[in-house]
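What follows is a single structure, written as structure tokens, with notes after it.
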Amino acid sequence: MLRTALTEIDWKGDVMTDLTRKILRGLSLVGFLLVGWLSIQFIHMSEMNAWAGPQSSNKSTKAAGDAERGRAVFNGKGVCYYCHGIDGNKDQRPQLAADTAALIAQLNPQPVDLRNPKVLYLKSDKQRARAIREGHPGTGMFPDTTMTTQELTDTLAYLALLRREGS
Ligand code: HEC
């Protein structure tokens, strides 16, 4: 009787330690995953800071572009003004070489009036950034590969200004 009781206790004890071990192992796994997740978050955060550069150490200016600088890109290296007009004024195109002008005149659809929000169909800066970077499929708007990320951000800020001025 006593012997069986003892073995029973022993057996129970074994089960308990087994269970405790399992729980402990489970806990350490959770801890391990948590540490891993935290370090990934940390790396991610420091990478974002590295990309953002010294200019955006001030959080509030992080995503903001400079419309005035964007305007210079628009009327300059971005060559947006070739098609969309100087300062986005559709009928103020620069003096272009005859063949370039002819090419633009043939575009179908024609370049949109970026000052008239009613005729614009892109709804977010994300879509606009993509249209600028990758071009408009099926239109004459070719992809831009020369702008820096900052210049693109500035251009988007300028486009927003044009829409505000136009409406
Ligand atoms: C070769 C001519 C051409 C150039 C250069 C050009 N675009 Fe366009 N763009 C177009 C055409 C054409 C459309 C209209 C596409 C459509 O209607 O589907 C357009 C559409 C757009 C749109 C979408 C407007 C909407 O409907 O919401 C944006 C934004 C835009 N252009 C910005 C720019 C910017 C910024 C640049 C300079 C980096 C630029 N474009 C350069 C021809 C041009």
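The values are calculated or read from the model by the stated rules, or taken from the named source; none is laboratory data. Because the structure is a prediction, the values reported are computed rather than measured. In this analysis, Cβ positions are derived from the backbone assuming ideal geometry, glycine residues included, and neighbour counts consider all displayed protein chains. Accessible surface is based on the protein model in full, side chains and every heavy atom, while ligands, DNA and RNA are left aside. Shrake-Rupley method; radii C 1.70, N 1.55, O 1.52, S 1.80 Å.
Brief remarks on what is shown
- Odd one out for Tyr121, checked against (1) near the ligand (Cβ under 9 Å from one of its atoms); (2) exposed (fewer than 13 other Cβ atoms within 10 Å of the Cβ); (3) in a helix (DSSP H, G or I); (4) more than 18 Å from the chain's Cα centre (by Cα): (3)
- Residue ID - surrounded by the most Cβ atoms within 10 Å (Cβ to Cβ), chosen from residues in the stretch 130-167 that are near the ligand (Cβ under 9 Å from one of its atoms) and of a type in the set (A, V, I, L, M, F, W, C): Leu159
- Condition met for His84 (closer than 15 Å to Leu161 by Cα and either surrounded by 14 or more Cβ atoms within 10 Å (Cβ to Cβ) or within 10 Å of the ligand (Cβ to nearest atom) (or both)): yes
- Asn108 assigned by TED's automatic domain parsing to the domain that holds Thr146 and within 11 Å of the ligand (Cβ to nearest atom): yes
- Matching entry among Ile104, Ile86 (being of a type outside the set (D, E, K, R) and at pLDDT 95 or above): Ile86
- Verdict on Val73 being assigned by TED's automatic domain parsing to the domain that holds Gly140, surrounded by 15 or more Cβ atoms within 10 Å (Cβ to Cβ), modelled with pLDDT of 90 or more and among the aliphatic types (A, V, I, L, M): yes
- Subset of the stretch 91-114 [open to solvent by 70 Å² or more (accessible area, probe 1.4 Å) and more than 15 Å from Met141 (Cα to Cα)]: Asp91, Gln92, Arg93, Gln95, Ala98, Asp99
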